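Colleague: Below: one structure in structure tokens.
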Amino acid sequence: MIKNFLIISIFVTVITIALLGFQGQRRQVTAIEFFGDMKRQAKVKYQKPSGFFSDGRAARPPVDGTIPLGYDIPGHPMQNSEVPKDDIDSPLGEFSAGTDYLNTGKMGEQWGTGLPLPVTAELLQRGQKEFTINCSVCHGATGQGNGITSKYGLLGIANYHQDKYRQMADGQIFNTITHGFNTMMAYGDKVTVKDRWAIIAYIRALQKSQNSRIEDVPEDQRAALEHEGKPENAPSQPAPAQSAKTETKQTR
Ligand code: HEC
């Protein structure tokens, strides 16, 4: 029995090495691929022809009627129809243009502070949406710097709930979004001016949500808060704070 087993295992070893080769050995023949290698896949390379399209070009021109986001093309047929007028005409729907506070976050040589547009519920909702799309992957849903990328090793993501960021001028945050900061890349070409301010308004709301005193609550709502431990009309769970806690637990 033992003898047979030895012979069979030596045989299997020899066959395996014969087929797969020694580790690190250079192959002269094409390797066996049990699953196709990723370098072989259905794709077209840049500047290469493709039989798939009737004009034989692999690179596709933009679809007819395409307008670059945030740009105004005079006389363009889309201008007066599908695209809301506000998005085309308003400087707020665009990317940085002027050198004023609205477009740079600077008042003279200093970072300015204050939102240069009315802070409405709508603006905050817009800010929440844009923050969730653009920022939460790193900064986390509540801004604690514990987004999904932190679990994959991105270090030093700013936690908005530090005093440093509570005190940071709105204009400086605007500038960080526009131009990036150290390891954080720039969002100036992805997030419009209006949306940058909307995000800042939302960040301020996030900061308030984690750091408020009873004096910050309107007087007529304090009683409700103290009695029930939650303000009127508030969701039954303080959701953001809770989820943030669990997120932190998973990270560390
Ligand atoms: C890919 C990850 C990532 C994304 C996405 C990201 N950030 Fe950051 N952010 C960072 C990191 C990392 C830092 C810390 C940089 C440092 O201090 O060196 C940072 C720092 C900051 C700071 C502090 C900068 C300073 O001056 O200290 C602000 C404000 C900020 N981010 C806002 C945002 C906003 C708003 C968005 C969305 C538009 C965003 N970030 C998207 C990674 C990211």
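Bear in mind that the values in this text are calculations on the coordinates, not laboratory data. This structure is a prediction, so every number in the text was calculated from the model and none was measured. With ideal geometry, Cβ positions are generated from the backbone for all residues, glycine too; neighbour counts draw on all protein chains shown.
Colleague: Given a cut-off of 31 Å, name the pairs among LYS129/LYS151; LYS151/LYS190; LYS48/LYS194 whose C-alpha atoms lie farther apart than that in the structure shown.
Modeller: LYS48/LYS194
Colleague: If r is the Cβ-Cβ distance from ASP189 to LYS129 and R0 is 22 Å, what FRET efficiency results, to the nearest 0.05?
Modeller: 0.75
Colleague: Still on this model: Quote the convex hull volume per residue of the stretch 89-185, based on C-alpha atoms, as a whole number of Å³.
Modeller: Residue-normalised Cα hull volume stands at 117 Å³.
Colleague: Now, a different point. Taking the Cβ of each residue in ARG222, ARG26, ARG196, ARG204 as the centre, tally the other Cβ atoms inside 10 Å and list the residues starting with the fewest.
Modeller: Sorted ascending by nearby Cβ count, the order is ARG26, ARG222, ARG204, ARG196.
Colleague: Let me ask something else. With N residues in the stretch 138-186, what two-decimal value do you get for its Cα radius of gyration over 2.2 N^0.38 Å?
Modeller: Rg over 2.2 N^0.38 Å, computed on Cα atoms: 1.13.
Colleague: For ARG57, which sequence-distant residues (separation of 5 or more, or a different chain) have an amide H within less than 5 Å of its own amide H, given hydrogens modelled in the peptide plane?
Modeller: Those qualifying (amide H under 5 Å, at least 5 residues apart or on another chain) are SER50.
Colleague: Taking amide H positions as placed in the peptide plane 1.01 Å from N, state which residues far from LYS106 in sequence (5 or more) or on other chains have amide H under 5 Å from it.
Modeller: Sorted by chain and number, the residues that satisfy this are GLY112.
Colleague: Just to check I understand the Karplus step: with θ = phi - 60° and J = 6.51 cos²θ - 1.76 cosθ + 1.60, what whole-Hz values come out for the stretch 211-221, glycine and proline as x?
Modeller: Once θ is set to phi - 60°, the couplings for the stretch 211-221 become 8, 9, 9, 4, 5, 6, 8, x, 3, 5, 9 Hz.
Colleague: While we're looking at this one, here's another question. To the nearest 0.05, how large is the calculated FRET efficiency for VAL44 and LEU6 if R₀ is 45 Å and r is the Cβ-Cβ distance?
Modeller: 0.25
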